[in-house]
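To keep things clear, I will list the structure first and then write my remarks on it.
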Amino acid sequence: MLKNKLVVLGVTGGIAAYKAADIASRLKKIDINVKVIMTKHSKEFISPLTMQSISQNHVSSDMFEEPKSFDVEHIALAKAADLFLIAPATANFIGKLSSGIADDMLTTTVMATKAPVLIAPAMNTNMYLNPITQENIERLMKLKYKFIKPDSGRLACGDLGIGKLAPTEDIVEEVINLLSMNTLYKDKNVLVTAGPTIEDIDPFRYITNNSSGKMGYSIARRAYQFGANVTLISGETNLKIPQGVNFIKVRSSKEMLDEVIKYKDSDYVFMAAAVSDYTPENFSDIKVKKQDSNLNIALKRTTDILKTLGADKKDTILVGFAAETNNIKEYAKNKIKSKNLDYIIANDISQPNSGFKSDNNTVLIIDKFGIEKSYENMPKNDLAYEILEYIGRN
């Protein structure tokens, strides 16, 4: 999908310019072709030879250098690019682009391209928060230029605050998202739930399950790549939040229910979370002390979130998930009817290298008409793509 895609990486004159080498290296490792344009000032921080060695392509900088081919170089790059990435982007570059100034190789090429442009600002906190800079960013965003927000922390100048270049892995993830974009779910509102819920017994103990959240996070990531407006409601996980999603963290089944209800009228709802079926009848404010005798904890049913959504469903495409250890198909079909689902995605969590905590999954999709589609064991990120394709086109 990404092989042979061309990213033109623009490097401007900020201290974070050295991180452009890491970005180029990460992109090359996933078979993306990288061509680099460096501003005059960026070469004070990192050498063109470094970027040339990593990108394995000639580095452009001077508008008036002897051309390497017959093509006018800035026009040729502008036409060939699948994506422009400016990292780091200084306040100076952002200001020039916002004003339509094209006075060097980078600004001229960006002005000439029709490819998506992703800008990763990096500068002093006061420069970033300056109303002029913010106005320039807002203007460019209205013109469909995309930004990845800078990080906060200690800056090179010693100040603390926002302005650090976003983590290189986040920048690369957003590049992948933009290169993978299609329009199947364009402007659709997609809600995804993921991960386990936690039901507290006391301040020290709780009931939960083995869900890692990987399937739900993969669906959220892919849905964003498919052009959707994605909300991801997640229980406790160790996973990185996908770029571009509206992320809401919850703990208990009650918290998940409260948040899900707010988005119940989304165009698509993928209920991939493993919501606890039971919760302690009584929560102890203090730690329950160990005793010599057995301890009995009374449990009560939690609200069935999926059934609640199905009972009040209008035009939403409601997709449930069924993690089972036996009678997979039978239980899945019963859930479609009892919970008024459009689709159910069932998997056998007893299988090795599949289901909970695994990076892979094997699933059976059944729709409300009884039509079945199975997917053999594959990485969850790839499976999420297949699931969204299948449901989005049916």
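The values are calculated or read from the model by the stated rules, or taken from the named source; none is laboratory data. Quantities reported herein were computed from a predicted structural model and do not represent experimental measurements. Reconstructed Cβ throughout: ideal geometry from the backbone, glycine too, with neighbour counts over all protein chains shown.
The table below gives the values:
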read-out	value
Unique match (being crowded, with 18+ Cβ neighbours inside 10 Å and without any contact (Cβ under 8 Å) to a residue 40 or more places away in the chain) among Ser25, Ser42	Ser42
Which listed residue is closer than 18 Å to Thr316 by Cα, crowded, with 21+ Cβ neighbours inside 10 Å and touching a helix residue (DSSP H, G or I) at 6+ places or on another chain (Cβ under 9 Å), from Val260, Val275	Val260
The listed residue being among the basic types (Lys, Arg) and farther than 23 Å from Asp359 by Cα, out of Lys188, Lys249	Lys188
Output for segment 351-367, where each listed residue is of a type outside the set (A, V, I, L, M, F, W, C), within 25 Å of Leu341 (Cα to Cα) and either outside any loop (DSSP other than H, G, I, E, B) or touching a residue at least 60 places away in the same chain (Cβ under 8 Å) (or both)	Asn360, Asn361, Thr362, Asp367
Selection count, segment 282-312, where residues are in a strand (DSSP E or B) and β-branched (Val, Ile, Thr)	0
Segment 373-394 residues that are without any contact (Cβ under 8 Å) to a residue 60 or more places away in the chain, paired with ones that are assigned to a helix (DSSP H, G or I) (beta carbon under 7 Å, 6 or more apart)	Lys373/Tyr390; Tyr375/Leu383; Tyr375/Glu386
Segment 185-198, residues that are at pLDDT 95 or above and surrounded by fewer than 23 Cβ atoms within 10 Å (Cβ to Cβ)	Tyr185, Lys188, Asn189, Ile198
Which listed residue is of a type outside the set (A, V, I, L, M, F, W, C), over 20 Å from Ile171 (Cα atoms) and either in contact with a helix residue (DSSP H, G or I) (Cβ under 7 Å, 6 or more places away or on another chain) or at pLDDT 95 or above (or both), from Asp62, Asp71	Asp62
Extreme residue, farthest from the chain's Cα centre (by Cα), among residues of segment 368-394 that are assigned to a loop (DSSP other than H, G, I, E, B) and closer than 19 Å to Val269 by Cα	Phe369
Residues of segment 102-126 classified as surrounded by 18 or more Cβ atoms within 10 Å (Cβ to Cβ), in a helix (DSSP H, G or I) and aliphatic (A, V, I, L, M), total	3
Residue list for segment 91-131, filter: basic (Lys, Arg) and either touching a His at 6+ places or on another chain (Cβ under 6 Å) or over 17 Å from Lys40 (Cα atoms) (or both)	Lys114
Yes/no for Ile317 being modelled with pLDDT of 95 or more and at negative phi	yes
Test: Phe84 is surrounded by 15 or more Cβ atoms within 10 Å (Cβ to Cβ) and under 13 Å from Gly10 (Cβ atoms)	yes
Meets criteria (at pLDDT below 90 and either more than 32 Å from the chain's Cα centre (by Cα) or at negative phi (or both)) for Tyr331	yes
Per-region count, segment 150-161, residues surrounded by fewer than 18 Cβ atoms within 10 Å (Cβ to Cβ) and in contact (Cβ under 8 Å) with a residue 24 or more places away in the chain	5
Condition met for Ile261 (at pLDDT below 95, aliphatic (A, V, I, L, M) and out of contact with any Leu (no Cβ under 8 Å at 6 or more places or on another chain))	no
Failed item in (1) crowded, with 18+ Cβ neighbours inside 10 Å; (2) aliphatic (A, V, I, L, M); (3) more than 18 Å from Tyr217 (Cα to Cα), with Ala311 passing the rest	(1)
One residue from Ile387, Ile345, Ile371 being among the β-branched types (Val, Ile, Thr) and surrounded by fewer than 20 Cβ atoms within 10 Å (Cβ to Cβ)	Ile371
Answer from Leu232, Leu179 - the residue that is crowded, with 18+ Cβ neighbours inside 10 Å and part of a strand (DSSP E or B)	Leu232
Qualifying residue in segment 315-329 (condition: outside any helix (DSSP H, G or I) and among the basic types (Lys, Arg))	no
Filter result for Thr279 (within 30 Å of Leu184 (Cα to Cα), in contact with a strand residue (DSSP E or B) (Cβ under 9 Å, 6 or more places away or on another chain), in contact (Cβ under 8 Å) with a residue 40 or more places away in the chain and outside any helix (DSSP H, G or I))	no
